[in-house]
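Input: a single structure, listed below in structure tokens.
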Amino acid sequence: MHIDIDRFSNINSQFHKWDERYKIISILILIISFSVVKSFYLVLTIPILALIMVTISRLPLYFVLKKLKLTLIFFLPLFILLPISSGGEIFYLIVGIKIYKIGLHLAISIFLKAISILICIMIMFGTSRFDRTIKAFYHLKIPEKLIIMILFTYRYIYIYMENLRKLNVALFLQGFKKTSNLRSILVSSSLIGNLLIRCYDQTEMVYNAMILRGFNGKLISQFRFKASKTDLFKAIIIIFISLLIVGLEIII
Amino acid sequence: MHISEGILPPTISIGGYIVSAVVTGITIKKVSLDDVPKISLVTAAFFVSTFIHIKLGPTSIHLTLNGLMGIILGISSFPAILVALFLQAVLFQHGGILPLGINVFCFGIPALISHYLFQFTFTKFKAKLLLIKLIGGLSGGLAVAISGVMLALVLIMSGKEFTTFAYFFAWTHIVLMFIESLLTFLVLNFILKVKPELIKSSKLTL
């Protein structure tokens, strides 16, 4: 499974060149403005805006769509339940099941809003190296301990994914096949226990290795952030678009 | 299962961030800097453990494990859940950035409850291993059920149109509770057999 969100961070685009601190703040404001939108016509336009941003960022569309694919499955229960349970004016009647207008509108607007917001998040984290983006969060006054935790966890996820893959291969070679019986749950629980124990054994060694390298709990960054006028200009454009969306929402 | 992007109104998202920030602030203060790398490693292991799917009839479910996280990580499970959910939102687009505050609160508080429940039993009945495992399993399941109910309440607060969806949400979590209970019990059983110091040492359970 590919978890690298920053696979395309080496492309050259306006979003890639943008100072991460400004990028985070501006895109966060844009995301909030997306979440405020309620009017149906405005909801239809925000995915277009998000797609324009993807084009500018030059992130491959297949990469963005592939990342969104899994999310869509999570929306399925909401998409089925909302139109048939919201109440109000009936929009359509299929084999005795009432489909309500409010629910259908709500489901579509939640879906479109979510997709647009997720695309924005992908642009925020996909157009710079992940560690650089996280360091930018540190410069935005997020507590140091949390930043260190995020960076460490991110690093070790890759290692434990590899561990899990090896354990799964071992299970496969021993003829284990996942079914819905108690034995299968027992094996899965051992798998989790195994992962935790391996990681616990590693913690002490990793910690000692870090002490030897001079770790004192401080975040030492090799990245320097330097904002130029263009960075500020880009931020102003995005914040202006966000305010425009909120303004239109109030007017409509 | 957690609340996805686009559902919550901004007021509730911001409220979620405020309460989560307060609890994170309180809990992270008690974590010493030396423990940060260790906690992060265990968080990564838990993160990867949620990829282990359990087959249930025609579907397969993925585990929450917030109860077990509370048992093993103690108070630091709250910031650990924050980190895990943040990475999940950013790397896999599960959950989201705006509902992050609410999601962290709804998964973190039950983790703390299960930590206190487990710790109470552990200190009181140190010799009775079976009872410890049983209470551990129970608190693992309880954490998932409380999370489900809290998330459902948030959904109902977001709008009356979500009521049916909220009930569905709560009921799925209550079904998940049984599987999660059984699994937490089995994992505790495995750990206490293979490496009991992981539970018994006070290094990680702060």
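FYI, it's all coordinate maths here, none of it is from the lab. Remember, it's a predicted structure, so these values are computed and weren't measured experimentally. Heads up, the Cβs are rebuilt from the backbone with ideal geometry, glycines too, and the neighbour counts pull from every protein chain shown.
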- Note on the structure: Karplus ³J(HN,Hα) for the stretch B:146-160 (6.51 cos²θ - 1.76 cosθ + 1.60, θ = phi - 60°; Hz, whole; x = Gly/Pro) runs 4, 4, x, 5, 5, 5, 5, 4, 4, 5, 5, 5, 6, x, 6
- Query: For the stretch A:58-66, in order, what is each residue's ³J(HN,Hα) by Karplus, 6.51 cos²θ - 1.76 cosθ + 1.60 with θ = phi - 60°, in whole Hz (x at glycine and Pro)?
  - Reply: 6, 6, x, 5, 5, 5, 5, 5, 5
- By how many degrees, between 0 and 90 and to the nearest 10, does the Cα long axis of helix B:100-124 differ from the longest principal axis of chain B? 20
- Note on the structure: With the dipole of the stretch A:144-212 defined by +1 on each Lys or Arg Cβ and -1 on each Asp or Glu Cβ, the option from A:190, A:211, A:160 whose Cα lies farthest towards the positive pole is A:190
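May I ask which of A:135/A:234; A:113/B:29; A:23/A:66; A:23/A:113; A:135/A:229 have a Cα-Cα span longer than 29 Å here? Can you show the working numbers first?
Working: A:135/A:234 20 Å; A:113/B:29 36 Å; A:23/A:66 23 Å; A:23/A:113 20 Å; A:135/A:229 21 Å.
Beyond 29 Å between Cα atoms: A:113/B:29.
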- Where labels lie 7 Å past Cα in the beta-carbon direction, separation of residue A:55 and residue B:22 in nm: 4.6
- Could you please state, rounded to a whole Å, how far the C-alpha centre of the stretch A:64-125 is from the C-alpha centre of the stretch B:105-183? 28
- Message: If you split all Cα-Cα distances of the protein assembly as shown into 10 Å bins from zero, what percentages do you get per bin, shortest first?
- Response: 4, 20, 30, 26, 15, 5, 1, 0
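What list do you get for A:45, B:123, B:64 if you sort them by fewest beta carbons within 10 Å? Each step should come with its number before you reach the end.
Values: A:45 15, B:123 8, B:64 25.
Fewest to most other Cβ atoms nearby, the residues stand as B:123, A:45, B:64.
Cα-Cα over 21 Å: which of A:38/B:160; B:30/B:133; A:67/A:101; A:17/A:145; A:69/A:98? Please list the in-between numbers first.
Details: A:38/B:160 16 Å; B:30/B:133 27 Å; A:67/A:101 30 Å; A:17/A:145 28 Å; A:69/A:98 29 Å.
From the list (A:38/B:160; B:30/B:133; A:67/A:101; A:17/A:145; A:69/A:98), the Cα-Cα distance tops 21 Å for B:30/B:133; A:67/A:101; A:17/A:145; A:69/A:98.
Taking N as the number of residues in the stretch B:10-200, what value does Rg over Cα atoms divided by 2.2 N^0.38 Å take? Could you put the intermediate results ahead of the total?
Values: Rg = 16.4 Å, N = 191, 2.2 N^0.38 = 16.2 Å.
My calculation over the Cα atoms of the stretch B:10-200 gives 1.01.
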- Message: If the only charges are +1 at each Lys and Arg Cβ and -1 at each Asp and Glu Cβ, what is the size of the charge dipole of chain A around the Cα centre, to the nearest 20 debye?
- Response: 420
- Can you pull out the trypsin sites (Lys or Arg not before Pro) in the stretch B:67-167 that DSSP calls coil and that have at most 13 other Cβ atoms within 10 Å? B:126, B:128
- Note on the structure: Residue span residue A:17 to residue A:101: 0.36 nm per residue of separation minus Cα-Cα distance leaves a gain in nm of 25.8 nm
- Query: Could you work out Rg/(2.2 N^0.38 Å) for the stretch B:130-189, with Rg from alpha carbons only?
  - Reply: 1.31
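Under the rule of -39500 (n - 2.57) per DSSP H run of 4 or more residues, summed and divided by the residues of chain A, what mean residue ellipticity at 222 nm is obtained, to the nearest 500 deg cm²/dmol? Could the numbers behind the result be given before it?
Values: 9 runs with 184 residues, N = 252.
Theoretical 222 nm ellipticity from helices: -25000 deg cm²/dmol.
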- Item | lysines whose Cα lies under 25 Å from that of residue A:177, excluding same-chain neighbours fewer than 8 positions away | A:166, B:55, B:193
- Note on the structure: For A:156, A:138, ascending order of other Cβ atoms within 10 Å (fewest first) is A:138, A:156
- Message: Rounding to the nearest 10 and keeping the result within 0 to 90°, find how far the Cα-based axis of helix B:77-92 lies from the longest principal axis of chain B.
- Response: 50
- Task: Read phi for every residue in the stretch A:167-184 and hand back ³J(HN,Hα) as whole Hz from Karplus 6.51 cos²θ - 1.76 cosθ + 1.60, θ = phi - 60°, with x for Gly and Pro.
- Result: 5, 5, 5, 4, 5, 4, 5, 8, x, 7, 10, 5, 10, 9, 10, 5, 4, 4
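If you count, for every residue in B:74-84, the Cβ atoms of partner chains within 10 Å of its Cβ, what is the mean? Walk me through the numbers before you get to the answer.
Numbers: counts 0, 0, 2, 0, 0, 5, 2, 0, 3, 9, 4.
Neighbouring Cβ atoms belonging to other protein chains average 2 per residue here.
Nearest 500 deg cm²/dmol is fine: what mean residue ellipticity at 222 nm does chain B get from its DSSP H runs of n ≥ 4 alone, each adding -39,500 (n - 2.57), divided by its residue count?
On the way: 8 runs with 149 residues, N = 206.
Estimated from H runs of four or more residues: -24500 deg cm²/dmol.
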- With a 10 Å Cβ neighbour count serving as the proxy for reagent exposure, in which order, fewest first, do B:175, B:36 appear? B:175, B:36
